[in-house]
Amino acid sequence: MIKKIVLLMVVAVLAAVAGMVYMSLKPITIPMGQEKIHLEIKQGQTLSQLAYSWQKQGWLPSAKFLLLQAKVLKSAKDIKPGEFDIQSGTTSLQLLTLLTQGSSKRYRVSFIEGTRLTDALNNLANAPKLVQDVQPLTKAKVQELLQLEVMPEGWVYPDTYVYQSGDSVSSILKQSHARMQKVLKQEWQFYLSELDKKESKKLPYKTAYEALIMASIVEKETGQASERPEIAGVFVRRLEKNMRLETDPTVIYGLGESFNGNLRKKHLRDRSNPYNSYRNKGLPPTPIALAGREAINAALNPDNGDSLFFVAKGDGSHYFSTSLDEHNRAVRKYQIFRRSKDYRSAPAVN
C-alpha cells in the first residue's frame, strides 16, 4: 500500500514537473494581425495585477503559472517600469526574464551647451513618456528640488540623457545636477592642485561657482571650440585689469523674455540690469547658460596672451586684438559680415 502511495506521489510530482515544463515552453498567443505585443508598465504596478489583466486580454496562457514562476524564482518584486515589445514565440519564462531585466526601449532628452536652463526645462516638458513630477516646471521649483541656495541657472550639465518610460523629470534633473557638481569639482580641484605646485597663476575667482559663471560666458561667446581658452583669456585679463567684461550675452540674459532679438544702445546703458556687463564691473550674478566641461576647463586654463578684445569675423571665428585701435579697425573690417547670432564682445565704439 505504501509503495502505491509513494508511486502515486512520484507520478504526481513528475506530472506537475511536466506540466510546469510544458507551460514554461508554451508561447504566448499573439493576436491575429499583430507581429508583437507592446507593453507599458508604470511605476507601482504589480505583477499580479498585470498578469491577470494580460490573461483577460487573451494572450497570456496562465496568470497563475506566471506568478508561480515568479514566486519560485523570487522575481515578482523585480519587474521594472518601462516599455516592452513581446515578440511572437515568447514563452512565459522568457516574458518574466524580460520584465525583470528592464525595458528594451529607451528615449533621449538633450540639454545643449550654451542654452539656458529654461530651454532644458522646455525639452523635459516635451519629452515623451517622461513622468512630469515637477509642477510647475520652473526655475524656482528646480531650485527647491536640487536644494540650491542660488538660482539653478548653469547647475545642470549639458548632455544627452537616456531614460525609459516611467522615469521622471526629477530623476533626470538630479542626475544632471550631480554630473555638473562632479565635473566642476574635478576641474576646480585640479586648478587648486596646480596652484599648490606653483605651476599655474592664480585666477580672479574666489570660488568654483565664479569659474562656472565665467565658463557660461565663454560657452555663449565661442563659435569654434578651439577658441575657448583664448576667449577665456580675454575675459580673465579684463577682470585682472578691473575692466568691464562688456559682453552682449550677459545683457541679453538679463533682459529675459523682453529681448526681441535686437540689442540696442539703451540696453547697454541700462544700469538697472544686474547682468549688464557694460555698466557693472566683475562677473554677472549667476551663470547665463549651460557650460560643458570644455568651457569650464577653458575658464580655469585661459590662454596667456595679451589680447583684450575680439570681434566675430562672420564664419564662427573671431579676430583678437591687443588694443582698442586695432579692435576698432577689425570691427570696421568684419562688421559687414556680422550675423544676428554673433555678439559684440568688446567695448562699444564711440
Fill in the blank from the handout: Flagged in the stretch 95-124 as of a type in the set (A, V, I, L, M) and either in contact (Cβ under 8 Å) with a residue 40 or more places away in the chain or closer than 23 Å to F84 by Cα (or both), in numbering order, are L95, L96, L98, L99, V109, I112, L117, A120, L124
Fill in the blank from the handout: Residue hits (the stretch 237-256; more than 12 Å from N280 (Cβ to Cβ) and within 23 Å of the chain's Cα centre (by Cα)) are P249, Y253, G256
Practice task
Provide a single number: the residues in the stretch 69-92 that are surrounded by 15 or more Cβ atoms within 10 Å (Cβ to Cβ), hydrophobic (A, V, I, L, M, F, W, C) and farther than 16 Å from I37 by Cα.
Solution key: 3
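Let's see how each residue does on (1) surrounded by 19 or more Cβ atoms within 10 Å (Cβ to Cβ); (2) part of a loop (DSSP other than H, G, I, E, B); (3) aromatic (F, W, Y):
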residue: L268; (1), (2), (3): no, no, no
residue: N276; (1), (2), (3): yes, yes, no
residue: P287; (1), (2), (3): yes, yes, no
residue: E294; (1), (2), (3): no, no, no
residue: V311; (1), (2), (3): yes, no, no
Problem - Every residue from the stretch 144-167 that is polar (S, T, N, Q) and within 18 Å of L117 (Cβ to Cβ) - result: Q147, T160
Completion exercise
In the stretch 88-119, anything hydrophobic (A, V, I, L, M, F, W, C), at pLDDT 95 or above and farther than 10 Å from P158 by Cα is listed as V109
Exercise for the section: Could you pull out every one of the helices (runs of 4 or more DSSP H) wholly within the stretch 72-175 that has 2 or more residues that are in the same structural domain as I37 (by TED's automatic domain parsing)? Expected result: 92-101
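The values are calculated or read from the model by the stated rules, or taken from the named source; none is laboratory data. It should be emphasised that the depicted structure is a prediction, and the values quoted were computed from it without experimental measurement. Methodologically, a virtual Cβ is constructed for each residue, glycine included, from the backbone with ideal geometry; neighbour enumeration extends over all protein chains shown.
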